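Here the structure is laid out as structure tokens; the discussion comes afterwards.
The values are calculated or read from the model by the stated rules, or taken from the named source; none is laboratory data. Just so it is clear, the structure is predicted and the values come from calculations on it, not from any experiment. Ideal geometry is used to build each Cβ from the backbone, glycine not excepted, and the neighbour counts take in all protein chains shown. These accessible areas exclude ligands, DNA and RNA; they are computed on the full protein's heavy atoms, side chains included. Shrake-Rupley method; radii C 1.70, N 1.55, O 1.52, S 1.80 Å.
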Amino acid sequence: PLSPAAVVGAGLGGSAAAHFLQQHFGPQVQLDVYEAAGVGGRLATVTVNKQQYESRGASIHALSLHMQDFVKILGLKHRREVAGKSAIFSGEHFVLEETDWYLLNLFRLWWHYGISFLRLQMWVEEVMEKFMRIYKYQAHGYAFSSLEELLRSLGGEAFVNMTQRSVAESLLEVGVTQRFVDDVIAAVLRSSYGQSVLVPAFAGAMSLAGAQGSTWAVEGGNKLVCSGLLKLTKANVISARVTGISLHSSEGRALYQVHYESAEGQGSAFYDVVVVTTPLHPSRSNFTFENFDPPIADFPGAFQPSVTSVVHGYLNSSYFGFPDPKLFPFTSILTTDTPDLFFHAMDNICPVNISAAFRRKQPQEAAVWRVLSQQPLDKHQLKTLFRSYYSVQVTEWQTYPRYDAAKALPPIVLHENLFYLSGVEWVASSMEMMAVAAKNVALLAYNRWHQDLEKIDQKDLMHKVKTEL
């Protein structure tokens, strides 16, 4: 039987991995989860006037089946939707504006961009439809030992290629116009990944699916999913930073010694199975692997710095061409890839707890805005966006992979029972991708532990799953 297992990191990937490991190995498995900063990882909140707000990408796609499931088993609720309109700003004018009237929006898109909009939708839907096969595979206990194998089983070589070529290239190929790519696609990718249309097609498709589908968030904050899953699994959460892992063996089996630093000093512990969910890129962690032969290679690629500024203040609507702030109709502003635009997107955000009486502030009132940018905003830039403000809270992170730099996808299996979860972000980065990867790693660990090789990297799974049903 498996005795102790360790999970490094208590963000969504780590909490989901702990949950799925327990689901497959059974309640008797002893789970240690190491977390240096705080449970929830990047799903953090900031407080303005005694209210909490999500400081980072907060929406979950309607088709995120694992996230839906977590919310259900934890007894959490969907946050109440507060309607608002969005627009795309070029630095001089709005290239696209949303209205209250859905048909008019469609007409506008149609008028401006013709059939591009339909072609985009068909392209995204085809990718999503194939991606959804993962849930069926996982429900039948199938796992994949590499990201390439996982992608291949969903969409063949075409899916693997989508991690190597840009979303712009793929869309132009299916007949989407350059203008639509420059105006609309660029704006969506800037607001989600803070990057250009050179991000890989697969990551782009996932981000565009979120932009056009219905999305939701968790009442009280998305990070409640992490703390909830850890409570549910009764995992032992250790406040410590893992510094390295060394390999030992006992009775012909690999044993992993996890070394860590905590407030009490240094320590270590031995495990049969270890799942690392923190990024192993040199820019993000200084993790050492000892006694592995062959040695565990360095992880290529870099992370994109991004800055979130949560500003409580009065929007300077005249910068956007609305001298009278009362008439400013938008709650979310995306931007095109214009050299002198210093921010990627900004939105008028609602607290994580939305009461029935809650109403959005009128545009002339002070509101809480979240501004995404690559560099911290200076005084002049803040004064450009806001007439005046009470507070600014800045969070700097290295959130997403720098997608243009990616060549090969990172491995999932680092050693027999040592697994790496965060590599999935190089395919696409979202809460659901982390959950899918966590389920895959738990199944992979379980199938390898029980030598059930029939359940790993199987070809022609669509056919197998159909015959099993």
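For every other residue with a beta carbon closer than 14 angstrom to the beta carbon of A263, add +1 if it is Lys or Arg and -1 if Asp or Glu, then tell me the sum.
Spelling it out: positives minus negatives among the neighbours equals -2.
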Open item on the list: To check you understand DSSP bridge types, tell me what percent of the beta bridges within segment 1-123 (both residues inside) are antiparallel, rounded to 5.
Closed with: 60 percent
Open item on the list: Using a 1.4 Å probe on the protein heavy atoms only, what accessible surface does S153 show? Give it in Å² to the nearest 10.
Closed with: 20 Å²
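So what are the chain's ellipsoid semi-axes, whole angstrom, largest first, if each one is the square root of 5 times an eigenvalue of the alpha-carbon gyration tensor? Walk me through the numbers before you get to the answer.
Details: eigenvalues 304, 136, 81 Å².
Values for the chain, descending: 39, 26, 20 Å.
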Open item on the list: Within 14 Å, Cβ to Cβ, of N105, how many net charges do the neighbouring residues add up to if Lys/Arg are +1 and Asp/Glu are -1?
Closed with: -1
TODO: Would you rank H248, H312, H93 by solvent-accessible area, highest first, keeping every protein chain in place and using a 1.4 Å probe?
DONE: H93, H248, H312
- [ ] Starting from the amide H of L255, placed 1.01 Å from N in the peptide plane, find each other amide H under 5 Å away whose residue is 5 or more places distant or on another chain.
- [x] H248, S249, S250
- [ ] Considering the convex hull of the alpha carbon atoms of segment 137-276, report its projected area averaged over all viewing directions, in nm², one decimal.
- [x] 13.5 nm²
Task: Heavy atoms of T467 accessible to a 1.4 Å probe, total area in Å² rounded to 10 - done: 100 Å²
Open item on the list: At 7 Å along Cα-to-Cβ for each site, give me the label-to-label distance between W101 and D324 in nm.
Closed with: 2.0 nm
Task: Contact order relative to length of the chain, as percent, for alpha carbon pairs under 8 angstrom and 6 or more apart - done: 26 percent
Open item on the list: Suppose the chain between V174 and S268 were pulled fully straight at 0.36 nm per residue; how much longer would it get relative to their current alpha carbon spacing?
Closed with: 28.5 nm
Open item on the list: Can you give me the Rg/Rh ratio for segment 376-469, using Cα atoms for both radii and the Kirkwood formula for Rh?
Closed with: 1.23
- [ ] Select from segment 301-387 those trypsin sites (Lys or Arg not before Pro) which occupy a DSSP coil region and have at most 10 other Cβ atoms within 10 Å, ordered by residue number.
- [x] R359
TODO: Using the charge dipole of segment 52-189 (Lys, Arg: +1 at Cβ; Asp, Glu: -1 at Cβ; taken about the Cα centre), state which of V124, G156, L74 has its Cα farthest towards the positive end.
DONE: L74
- [ ] Count the net charge of all other residues whose Cβ sits under 12 Å from the Cβ of Y400, scoring Lys and Arg as +1 and Asp and Glu as -1.
- [x] +3
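Per DSSP H run of at least 4 residues, take -39500 (n - 2.57); add these up for the chain, divide by its residues and hand me the 222 nm value, nearest 500 deg cm²/dmol. Please list the in-between numbers first.
On the way: 13 runs with 143 residues, N = 469.
Helices in the chain give a 222 nm mean residue ellipticity of -9000 deg cm²/dmol.
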Open item on the list: Just to verify a number: FRET efficiency for H112 and E261, C-beta to C-beta distance, R0 = 60 Å, to 0.05?
Closed with: 0.60
Open item on the list: What is the distance in Å between the Cα centroid of segment 91-120 and that of segment 293-353?
Closed with: 21 Å
Task: All Cα pairs of segment 260-366, percent lying beyond 16 Å - done: 77 percent
Task: Cα convex hull of segment 20-155, projected area averaged across orientations, nm² - done: 14.0 nm²
